[in-house]
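What follows is a set of notes on a single structure, which appears directly below.
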Amino acid sequence: MLRESVNYLTVQDVLWINLQVTGKVNRFSYARLEEATYYQYAYGESNHIPAQVARFVPGFLKMKPLDEANKVTAFVAALTFLEMNHFHVDLNDKAAVDWFNDLADKTTQQKALDKLKHDKGHHDHAESVKVVAESVMSRFPKSISTLLGA
């Protein structure tokens, strides 16, 4: 689904997400973190949200920019990016890790993308990244715990 304007996560947003999911400040490579975060963008017209999240998750995981919790940080960041751009996935907490793993694997990625739903106006653009990320984290505590252990 094409959108006219896209809401992106910043490097600082990703660091804040990592702090929230781990409860501590972790070391990171700034260059790798910046590159991993920029996987949200697409070449040319950067406004196809499913394709951009499909690029972001494997790219972030490949870069491993954080000393801890790359997988769970990418999980929360991906869902936050989707929701900020009016997409959601109907998942319960139990199914979310499998969905994320499918999204991370290019051979099963389409299966995960097929579960995306476009919500016209689901989230107010005025909502901050923190508000949306906190909502994601509150809905998926078991998934976050599982991915922290991965």
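The numbers here are math on the coordinates, done by the rules we state, and not lab data. Since the model is a prediction, treat every value here as computed from it, not as a measurement. FYI the Cβ positions are ideal-geometry reconstructions off the backbone, even for glycines, and counts take in every protein chain you see.
Once Rg and Dmax of the Cα atoms in Å is calculated for the structure shown, the corresponding label among (1) 13.9, 38; (2) 14.5, 45; (3) 22.4, 74 turns out to be (1).
Taking the Kirkwood radius as Rh and the Cα radius of gyration as Rg, region 5-85 has a ratio of Rg/Rh equal to 0.95. Rounded to whole numbers, the Karplus 3J(HN,Hα) couplings from phi for region 7-21 are 9, 10, 8, 8, 4, 5, 4, 5, 4, 5, 4, 4, 4, 5, 7 Hz, using 6.51 cos²θ - 1.76 cosθ + 1.60 with θ = phi - 60°, and x at Gly and Pro.
Annotation for region 87-150 versus region 18-51: alpha-carbon center distance of 15 Å.
Summing +1 for each Lys or Arg and -1 for each Asp or Glu among the other residues whose beta-carbon sits under 14 angstrom from that of VAL21 gives +1. With respect to the cross-link table entries LYS64/LYS120; LYS24/LYS117; LYS64/LYS130; LYS64/LYS142, which display a Cα-Cα separation exceeding 31 Å? Long pairs (Cα-Cα over 31 Å): LYS64/LYS120; LYS24/LYS117. Of the GluC sites (Glu not before Pro) in region 15-123, the ones in a loop by DSSP (not H, G, I, E or B) with at most 16 other beta carbons within 10 Å are GLU45, GLU68.
Per DSSP helix of 4 or more residues, -39500 (n - 2.57); summed, then divided by the residues of the chain. What does that give at 222 nm, rounded to the nearest 500?
For the chain, the value works out to -17500 deg cm²/dmol.
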